[in-house]
């Protein structure tokens, strides 16, 4: 990687000033802003070569077109849609002249970006998956810029990168430097978890965050759609679940059309949507619309009127799950569904005499984790019949439940040492895993906590090369206790961007000062594109956020 | 205070659920949501009596009018403006019928709120001040609701209270219960500090926050307008200050017209605007547009090229300050200006041979706080000639600078807060408190509880000393906030401070506060303010922005 980049950083410039802090005390590393030789690229591509030679981009007449040899044509609406979107990001603020004179390209201009899908199957109409090829090659030179990718997924990533290379000179003209980039993600699973149960998130908020995810090359929306507080998923099979379990049965639900729209919006940006229907715990809201689903808790010999986890000893439970997951598997096209399995509280099970009898019959003794495993095992079998793979929170693995070899185990607990040990254990058992522990972004603190987020590395545990390969990525989690439409977006961005670079860029990309510089500019770009991404520190953006 | 309030809490209802926390650990007091007998009132008025009798409000035809006896009439645009605003808050979402049938009021409805300014001078065209009368009496009963206040300021507070009493029944009809309220603020100075130097805040953000302040009965906007990082104040006298010192000389400045608009917008809501021009420290951005204002720092015997605090030994410094503060005193109508005076770093002064000589001449020895006091003393004399009172950060008092008796000492340091309050008031100065209310400090969980539990008068002192505490300010310093996140970070956390400063000392029930504040925050959201949630919950009308 070598690069020299001389940027008249007007478009993306961000001034970050010295940290004199009025009436303020402690602080993280104090970083001094210096322009990076990589400009505002985020996440940093695997191989970048930027020369000092710069070209002008004719704003009004600039074209993004399919290369002649491309296997994707005008009928690939995913790409056509992306061309429009990126034209708008790059030139949207430009006032158009009345008409564009057709003219030959000037000696130092680039008037076209050609997008060339090289594989016979562009996957234009498919859904992205864990094995989707997101690599691309970008060459910016005269006469035209060329973006080569095997599939549309790489083209999407390359378009984002191309748009990040464009900058404004002192006269407001759009420029780009001669550049060659060869890029691919370090990890295949790069996700954001949003929680729509603790607070309902209007569609608009979800879509805006999918946009921001694409700008950061995230590719998984982990939709923690239901939980204890509310059940906003409108099920066709069991409409009473949201009718009774949502905060409001009309204003606070996701209809099938909403879900479909979110999935398609995500697909067009190369983002998978993995829903999580967490059981047997975290299901209080399910019980409102589904009689006998939850375990009745007892105080002494009489039911107390409260309910615990899903009741694992009734056949009706499993026939319900069979129907529900059959629906889920057809509504959500992704090959994986997240089954939760975390934080099961045994006290209610323990109080219930029927459960006690069942435990005895099964010979589980007093080990309620065996009962949990009994339930999960049956659930996994059900989900397997729907042809889906599954993700589960780490407890399911910890409890020794028998898992399919392609199960993805999601690590979320513990301190640094504990999660590293967990990653080592999971991978030595041969399972694939992904990391979230250091990336619980709902936890906030004063200062630049993105630095700690940035420093975590999912492969930083003791294990063989083969074990490391079983780490497929990670997810930034924004649990919903304290966020809703009012504050979610600025709380997530650009803090999640730190995770984005860790999961996409090469392992060696760890220079925190360089990251600070690029990330400061990247966050101003997010702001300019309408995402209210909060500041890293004292600074300004040329175009401040226009909302409130 | 007695009240029973049966509310079909549809409009303002907020469901707060049990705190099962997915993958989450530690937590503050877990509060269970139960409707308060005071509904959604925030901050809680001093005396409230709500009966179970409820009346309907005819949305389309409801009127807010000047009482016949009122000293304010249609020419009082402050009130006319407020009537429109509160009508909109209460009935804005109602779909209007094509025309409103004129009809007699039904047997159980209230069709009018009469606003009665009782004092001969309504102060309609004045600016609010530290001594403004904000008290009011509100009676909601048939045939009409009546809001009585001596001055327009009390009427503004009472309108907010009236609007907080309105709720929707199960059919969407607007209701209000028979109520009598007698209300006044516990403290006269209830402020919010915003910092427009570390990040520039677009006008729109400032105005939205003034709106939110009015909804919380705050009455002071402490405008920390300039500081080290940038100088966005466009000075008529010294335009080069922002030309050179702002982040950008056109897009990141406040023009005289902007400032005027902000002051008027605030005045219409009974909010004072107190600008802070902090010196001699915190002035790096000033130096860019004003040669020789800052002290050149030395490394060894040569200037290092960097600059320190304002240079206190040059006559030019004081003539500059005289002109600048003369302008400020005419641009900002409030009787007070905040002069800062905090966190002066002596290392640069120490390095400068001219300063060293001056110290010797003056007999200051090595005590640079004497030099700081020398500067501040001269500055205070200058500001005094502009007929303004001044506020200063606590260091100025701590350093023993001679202060005018009406000086307001602003306590901000986190250590020995009570001792400081005690010392300041013992010396006979009025004071305001900010130390526990630095809202720029964030942490995981319900930190509003911490802000709420503060008692500003908990220090040791006589009754007379306690009386010198005129209030407090919530501060939102700008290192980590700008237009993208400021409003949800400030609200409803600042609302906790609002109730502490307005309501009676005894109003400390945290569960009751949780209930009212949850509903209050949904009301803020409904009025377009992106106030963040207190905990797992929902609002009937979620925020419409992103």
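No lab work stands behind these numbers, since they all come straight from the coordinates. Since the model is a prediction, treat every value here as computed from it, not as a measurement. Every residue, glycine among them, receives a Cβ derived from its backbone with ideal geometry; neighbour counts consider all protein chains shown.
If you take every DSSP beta bridge fully contained in chain A, what fraction is antiparallel? Give it as a percent rounded to 5.
35
Compare the peptides A:67-78, A:172-183, B:116-127 by average per-residue count of other Cβ atoms within 10 angstrom and give them in order, highest first.
Highest-to-lowest ranking by the protection proxy: A:172-183, B:116-127, A:67-78.
Distance between Cα centroids, the stretch B:127-146 to the stretch A:213-253: provide it in whole Å.
Each part reduced to its Cα centre gives a spacing of 45 Å.
If you count, for every residue in A:197-208, the Cβ atoms of partner chains within 10 Å of its Cβ, what is the mean?
Per-residue shielding by partner chains comes out at 4.
Any idea what the relative contact order of chain B is, in percent, if you count C-alpha pairs under 8 Å spaced at least 6 apart?
About 17 percent, as a whole number.
What distance in nm lies between label points placed 7 Å from Cα along the C-beta direction at residue B:129 and residue A:345?
Distance between the two pseudo-spin positions: 5.8 nm.
Which stretch or stretches of the stretch B:205-236 have amide N atoms under 16 Å from the point lying 7 Å from residue B:264's Cα along the Cα→Cβ direction?
Only B:207 fall inside the zone, counting backbone N under 16 Å.
When only Cα pairs under 8 Å and 6 or more residues apart are kept, what is the percent relative contact order across the stretch B:400-446?
Rounded, it is 41 percent for the stretch B:400-446.
When the Cα centres of the stretch B:166-205 and the stretch A:467-544 are compared, how far apart do they sit, in Å?
Using only Cα atoms to place each centre, the spacing works out to 34 Å.
Starting from the Cα gyration tensor of the stretch B:309-429, take the square roots of the eigenvalues, sort them a ≥ b ≥ c, and report rounded, prolate or oblate (rounded when a/c is under 1.5, otherwise prolate if a/b is larger than b/c, else oblate).
oblate
Restricting to bridges with both residues inside the stretch B:189-510, how much of the DSSP beta-bridge set is antiparallel, in percent to the nearest 5?
Beta bridges within the stretch B:189-510, antiparallel portion: roughly 10 percent.
How would you rank B:142-149, B:392-399, highest first, on the average number of other Cβ atoms within 10 Å across their residues?
B:392-399, B:142-149
How many partner chain Cβ atoms sit within 10 Å of a residue's Cβ in peptide A:485-498, on average, as a whole number?
5
Tilt of helix A:256-267 relative to the longest C-alpha principal axis of chain A, in degrees (0 to 90, nearest 10)?
The helix A:256-267 is inclined about 40 degrees to chain A.
Enumerate the residues in the stretch A:443-481 having an amide nitrogen under 16 Å from the point lying 7 Å beyond the Cα of residue B:30 toward its Cβ.
Output list for this probe position: A:481.
Could you work out the percent of alpha carbon pairs in the stretch B:189-510 separated by over 29 Å, rounded to a whole number?
Taking all Cα-Cα pairs of the stretch B:189-510, the fraction more than 29 Å apart is 37 percent.
Can you tell me the orientation of helix A:353-362 relative to chain A, as the angle in degrees between its alpha-carbon axis and the longest Cα principal axis, to the nearest 10?
It works out to around 90 degrees.
Take the Cβ-Cβ distance between residue B:49 and residue B:427 as r, set R0 to 45 Å, and report the resulting FRET efficiency rounded to the nearest 0.05.
So the FRET efficiency works out to roughly 0.60.
What is the spread of the Cα atoms of chain B along each of their three principal axes, largest first, in whole Å?
87, 58, 49
Restricting to the protein assembly as shown, what percent of DSSP beta bridges are antiparallel, rounded to 5?
About 35 percent, rounded to the nearest 5.
With the crude spin-label approximation of a point 7 Å out along Cα→Cβ, what separation in nm comes out for residue A:406 versus residue B:384?
About 8.4 nm, to one decimal.
Can you order the peptides A:80-91, B:160-171 by their average number of other Cβ atoms within 10 Å per residue, highest first?
Put in order of decreasing packing, that is B:160-171, A:80-91.
How crowded by other chains is B:271-284, given as the mean number of beta carbons from other chains within 10 Å of each beta carbon?
Mean inter-chain Cβ contacts per residue within 10 Å come to 1.
Which value, in Å³ per residue, describes the convex hull spanned by the Cα atoms of the protein assembly as shown?
Spelled out: Cα convex hull of the protein assembly as shown, divided by residues, is 207 Å³.
Using Cβ counts within 10 Å as a stand-in for footprinting exposure, how do A:291, A:63 rank, fewest first?
Final ranking by Cβ density, sparse to dense: A:291, A:63.
Using only the alpha-carbon atoms, how far is helix B:368-385 inclined from the longest principal axis of chain B? Give it as 0 to 90 degrees, nearest 10.
It is inclined by approximately 60 degrees.
With a Förster radius of 30 Å, plug the Cβ-Cβ distance of residue B:361 and residue B:237 into 1/(1 + (r/R0)^6) and report the FRET value to the nearest 0.05.
E(calc), rounded to 0.05, equals 0.45.
Given a Förster distance of 56 Å, report the FRET efficiency between residue B:453 and residue A:144 from their Cβ-Cβ distance, rounded to the nearest 0.05.
For R0 = 56 Å, the calculated efficiency reads 0.30.
Would you calculate the separation in nanometres between label points at residue A:292 and residue A:415, each defined as 7 Å from the Cα along the Cα-to-beta-carbon direction?
4.8
Defining a contact as two alpha carbons under 8 Å apart and six or more residues distant in sequence, what relative contact order in percent does the stretch A:103-179 show?
The normalised contact order for the stretch A:103-179 reaches 30 percent.
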